[in-house]
Amino acid sequence: MSRRGPRGAEDRLRRLLVMLPWLMERGEVPVAEAADHFGLSENDVARDLELAAMCGLPPFVDEMIDVFIDDGMIWVGVPRLFTRPLRLNSVEAWELLAAGRAAMQLPGADPDGPLGRGLDKLARALGEDDTSRIRVELERPESADRLADAIAAAERLRIDYWSASRDEVTERSIVPRQLFTDRGEWYVSADDDRSGEVRTFRIDRIESVESTGDTGVAGDGALPTPGEWFVDADIPRAIVRLAPDAHWIVERYPFDVVGEPDAEGWIEATLPVASLRWFVRTMLRLGPGAEIVEPAELADAVREAAGRVLARYRS
């Protein structure tokens, strides 16, 4: 079986923290309306709600979140869990408040909506004087607002973009489609004239943004989900074999393809190598639990680094 690298769990959780209260308050909402409200594609909305539908309390018989999509409409019920007072200790309450305020930074979050009102009540319960010191902010690149405006207008932009794998700056013509964050970095998915495909660009590597005065074709929502942007052709790939005690790496980092375990539990996986230094350090960390199948130059780089470490240890 193969799959793309997983979308960040933290990103999906933050999004659901905002989306579910909004949907529960309305009961039924068109998928297109929810996608527009939260700045997602309709496919992203469906996938996140499929995940929510599998969440609940043990023994998972009648305590699941009641959510389904039918004929373009989202239907959401209010779980019994949410109708009873929530009992939290002080640490859990602070963690919930911090997570909720981080979620309120996402597109579609309404300070006057159910999540905002709930956080206000939780803040008052913890004491306004103390909670006023909590401030959760996501650092936003200067060009993020410019890119967001271009997304709304389907505007074509000219950018100078630094490629980390090639260590060069290239000029590209793009039509931005989706703005998102993951693992502390900001990204924009865009129609890229150079490749003729959708590409994902790290915003801090965009050195300049200039309007072309043109507009592209309105997007159809068929965008890669956050966590799947390493499809860019200029990022090299490595095929590695991983022992059972090294399987954790496929959950922590993006992978293109992950195979089924063999008789001894080893799996073969293909991963993008955006940073040679990261790859070498990760392979050294895995030690005998990882074997590099190809390419040979990456295997050589890891062997050379291992030799330097061993020489330093013996000296």
Q) Of everything in segment 58-79 that's farther than 17 Å from TRP22 by Cα, open to solvent by 50 Å² or more (accessible area, probe 1.4 Å) and not in a strand (DSSP E or B), which residue is modelled with the highest pLDDT? A) ASP71
(Q) So, THR215, is that one in contact with a Lys or Arg (Cβ under 7 Å, 6 or more places away or on another chain), closer than 30 Å to ALA153 by Cβ, open to solvent by 30 Å² or more (accessible area, probe 1.4 Å) and modelled with pLDDT under 90 or not? (A) yes
Q: Specify the residue that is surrounded by the most Cβ atoms within 10 Å (Cβ to Cβ); the eligible residues are those in segment 251-310 that are within 12 Å of ARG241 (Cβ to Cβ) and of a type in the set (Gly, Ala, Ser).
A: ALA269
Q. Could we say that ASP44 is among the charged types (D, E, K, R), modelled with pLDDT of 80 or more and open to solvent by 70 Å² or more (accessible area, probe 1.4 Å) here?
A. no
Q: Examine segment 96-112 for a residue that is at pLDDT 80 or above and either among the polar types (S, T, N, Q) or within 26 Å of SER189 (Cβ to Cβ) (or both), and state whether such a residue exists.
A: no
(Q) List pairs: first residue in segment 29-53 and within 21 Å of PRO111 (Cα to Cα), second residue open to solvent by 60 Å² or more (accessible area, probe 1.4 Å) anywhere in the structure, Cβ distance under 7 angstrom, at least six positions apart or on different chains. (A) ALA35/GLU42; PHE38/PRO107; GLY39/PRO107
Q. Scanning segment 121-131 for residues that are surrounded by fewer than 16 Cβ atoms within 10 Å (Cβ to Cβ) and modelled with pLDDT of 75 or more, which turns out farthest from LEU16 (Cα to Cα)?
A. ARG124
Q) Just a yes or no: is a residue in segment 242-251 in contact (Cβ under 8 Å) with a residue 12 or more places away in the chain, assigned to a strand (DSSP E or B) and more than 22 Å from TYR187 (Cα to Cα)? A) yes
Q: Determine which member of the set GLU291, GLU264 is among the acidic types (Asp, Glu), at pLDDT 85 or above and either within 20 Å of ILE235 (Cβ to Cβ) or in a loop (DSSP other than H, G, I, E, B) (or both).
A: GLU264
Q. Which of the residues that make up segment 235-249 are farther than 13 Å from MET283 by Cα and open to solvent by less than 40 Å² (accessible area, probe 1.4 Å)?
A. ILE235
Q. Take the residues of segment 178-193 that are at pLDDT below 85 and farther than 20 Å from TYR253 by Cβ: which is least open to solvent (accessible area, probe 1.4 Å)?
A. GLN178
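The values are calculated or read from the model by the stated rules, or taken from the named source; none is laboratory data. Since we're looking at a predicted model, the values are computed, not measured. In this analysis, Cβ positions are derived from the backbone assuming ideal geometry, glycine residues included, and neighbour counts consider all displayed protein chains. Heavy atoms of the whole protein, side chains included, go into the accessibility calculation; ligands, DNA and RNA do not. Shrake-Rupley method; radii C 1.70, N 1.55, O 1.52, S 1.80 Å.
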